[in-house]
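Working notes, beginning with the structure itself.
The values are calculated or read from the model by the stated rules, or taken from the named source; none is laboratory data. Predicted, not measured: the structure shown is a model, and the values here were computed from it. Because the Cβ atoms are built from the backbone with ideal geometry, glycine has one as well, and the counts that use them run over all protein chains shown. Quick note on the areas: whole protein, heavy atoms, side chains included, nothing else; ligands and nucleic acids left out. Shrake-Rupley method; radii C 1.70, N 1.55, O 1.52, S 1.80 Å.
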Amino acid sequence: GFVPGLFGTSHGALQFMAYEDLKERYNKYRNRVSDTKLNTLEYIMMAAASKIFAVSATYPYQVVRARLQDQHNTYSGVFDVIRRTWR
């Protein structure tokens, strides 16, 4: 489905939100204007941290979605997938 597909788009939104928040907090910590450009190392670190956050927040959804799409197993719904996966 359509609804699970819409939920999957949250990955990019979460990563962008986390990146902007990290950048703003970092610049504030360094006593710089919030829209100051980051150097290469700072950019890589903020991008990596925001990606890790987004992946850890959305990866469980990817597992549930993939198992629901698996035609070799039959599940009674999302909660059945979660329960059986947890076990």
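Those residues that are touching a helix residue (DSSP H, G or I) at 6+ places or on another chain (Cβ under 9 Å), assigned to a helix (DSSP H, G or I) and open to solvent by 50 Å² or more (accessible area, probe 1.4 Å), I need them from the range 16-42; list them, please.
Across the range 16-42, the qualifying residues are F16, M17, E20, D21, L22, Y26.
Report, ordered by the first and then the second residue, all pairs with beta carbons closer than 6 Å, sequence separation of six or more or different chains, a first member in the range 57-78 that is touching a residue at least 40 places away in the same chain (Cβ under 8 Å), and a second member that is open to solvent by 80 Å² or more (accessible area, probe 1.4 Å) and among the basic types (K, R).
Once the first residue is touching a residue at least 40 places away in the same chain (Cβ under 8 Å) and sits in the range 57-78, no partner that is open to solvent by 80 Å² or more (accessible area, probe 1.4 Å) and among the basic types (K, R) comes close enough.
I'd like to check something: does the range 59-81 contain any residue that is touching a Lys or Arg at 6+ places or on another chain (Cβ under 7 Å) and closer than 27 Å to E24 by Cβ?
Taking every residue of the range 59-81 in turn, none turns out to be touching a Lys or Arg at 6+ places or on another chain (Cβ under 7 Å) and closer than 27 Å to E24 by Cβ.
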